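The values are calculated or read from the model by the stated rules, or taken from the named source; none is laboratory data. Worth saying up front: this structure is predicted, and the values here are computed from it rather than measured. All Cβ positions, even for glycine, are placed from backbone atoms using ideal geometry, and neighbour counts span all protein chains on display.
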Amino acid sequence: MTRAASLLFAACAAAAAGQAPPAAPGDASTVFATASPSVVVVLALDAAGTVTGQGSGVVVAPGLVVTNRHVVQGAASVRLQQAGRTRTAHVLERHATHDLALLRAPLKAPPASIRASKELAVGERVFAIGAPQGLELSISDGLVAQLRPEAGSVRIQTTAAISPGSSGGGLFDERGALVGITSYSALRGQNLNFALPTEWFEPLLRSAQGRAAVPTRVLMRPERRTGATRIVIESDGAPLRYAWRSPDARGAVLELEGVDASAVGAHVDVGSAEVEHVLVETLKQGERQVTRFEFCLMAPMRQRVYPEGANLNLVFERVPPVAAASPAPSPAASPEPSSASSAALPTKPPAPARLAAVQVEAEDGGAAVWLATGPGATFRDFVLRGPERIVIDLLGFTAAVRAATGAAAIVERVRIARHSLTPPVVRVVLDLAQPALHSVRDEGDGLRVRLTPAP
């Protein structure tokens, strides 16, 4: 029996049994079932998080997606959508001459099988799968109309329909193997569509796979709950390699190896009553790149760090005050008679003191910083970032000033922040140009902070 007769017999038998006929090799439904799990929607966003462009992409290795370079050009961030889920992606590689880019994202989608484009033949049937006009996982079919030799391979001309939004999607053969990346249509003419060959993205793939399996960007996502703040540092790749240290209960330092945190910014305000702010910097330590997060806390905190999948969770939780035990009444003591005149009246909490001025003066190669607090100021001081950042908290204070006056070479910047806590707190942060020793002395009408260059 010939192959055509076998297929006809199977179709007739299935129809007699009330079933759909089996799919033939190269049938569009078979190709779609094989290839579509590897196709994603690519979204380009601006700095405000607004979608500014949309294309398609194909998973070509675990966690790696190929798309057109123009889809992600100029994007502040990139997201991938598949099966109702959205993932943050990072642009790992951009081809220097061809319209191709390689993205990394924590996807579980299976990679497509890949076939060399130069093995194609003119007249071979192919299928385009992508998101034309944002319509996810749309399939169209056509022929290889021509193979245009170029740069060691062939640019594929096809009659398989593509539209804006299809850019970066997959062109598949009858076995569901990826043979090209759909790229553009000719504006003039009819059904003149083009795909870039698989050989052109192989160098990007080799470069990415040769790197250490570490993420290249993190996103910080604070989550607030009563009495505690959880900060999720979200990886876009492999589990984060980190070091954690806590100089004291009012500060903490997290170091991530091999991570570029430029998208996070140099200063993060997490909007928390526990964490005042986070300072971020990326450093080169020999061949190592390390990003350091310094957490400046509003009060002594319980601190925890634990991994969850590829992400890190940092938890800062307020230490509850210890209630003082009430002394037991003496059995021999006789109660005093009560009267309306001796009844205890509710007391009004004292008004907060005011920080009237902050003045910086050069002094013997160092500096003196004067805090005009008035008498009896309650304060705490501590050090972050080694001896290069001094923090003074004034308890029960509000600030009448927003900036310091004066200057000294050792003091790069003075920041004054007011926090509506109970009691209210004014925090003075001294960012120094070099490591320094510090001392704080109460001089009756204010505090004098002396800064001496460290030996």
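Exactly one residue out of Ala112, Ala128 is in contact (Cβ under 8 Å) with a residue 40 or more places away in the chain, over 17 Å from Leu43 (Cα atoms), within 30 Å of the chain's Cα centre (by Cα) and buried (at least 21 other Cβ atoms within 10 Å of the Cβ), and it is Ala112.
For first residues located in region 399-411 and of a type in the set (D, E, K, R), partners that are assigned to a strand (DSSP E or B) and surrounded by 14 or more Cβ atoms within 10 Å (Cβ to Cβ) and lie 6+ apart or on another chain with Cβ distances below 7 Å form the pairs Arg402/Ile416. Against the numbered list (1) of a type outside the set (S, T, N, Q); (2) modelled with pLDDT under 95; (3) over 21 Å from Val65 (Cα atoms), Ala145 comes up short only at (2). What number of residues in region 403-425 are modelled with pLDDT of 85 or more and within 27 Å of Ala273 (Cα to Cα)? Summing the residues that are modelled with pLDDT of 85 or more and within 27 Å of Ala273 (Cα to Cα) in region 403-425 gives 7. When Gly49 is tested against (1) out of contact with any Ser or Thr (no Cβ under 6 Å at 6 or more places or on another chain); (2) surrounded by 13 or more Cβ atoms within 10 Å (Cβ to Cβ); (3) at pLDDT 80 or above, exactly one condition is not met: (2).
I'm trying to understand the selection: among the residues of region 76-89, which are surrounded by fewer than 21 Cβ atoms within 10 Å (Cβ to Cβ) and either closer than 23 Å to Ala48 by Cα or in contact (Cβ under 8 Å) with a residue 12 or more places away in the chain (or both)? Listed by number, the residues that qualify are Ala76, Ser77, Arg79, Gln81, Gly84, Arg85, Thr86, Arg87, Thr88.
With respect to Gly142, determine if the residue is in a loop (DSSP other than H, G, I, E, B) and surrounded by fewer than 19 Cβ atoms within 10 Å (Cβ to Cβ). The answer is no for Gly142.
Listed here are the residues, each with its yes/no results for (1) touching a His at 6+ places or on another chain (Cβ under 8 Å); (2) of a type in the set (D, E, K, R).
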| residue | (1), (2) |
| --- | --- |
| Val71 | no, no |
| Gln81 | no, no |
| Gly84 | no, no |
| Arg94 | no, yes |
| Arg104 | yes, yes |
| Ile114 | no, no |
| Pro132 | no, no |
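When Arg245 is tested against (1) closer than 30 Å to Ser183 by Cβ; (2) modelled with pLDDT of 80 or more; (3) exposed (fewer than 13 other Cβ atoms within 10 Å of the Cβ); (4) not aliphatic (A, V, I, L, M), just one condition goes unmet, and that condition is (1).
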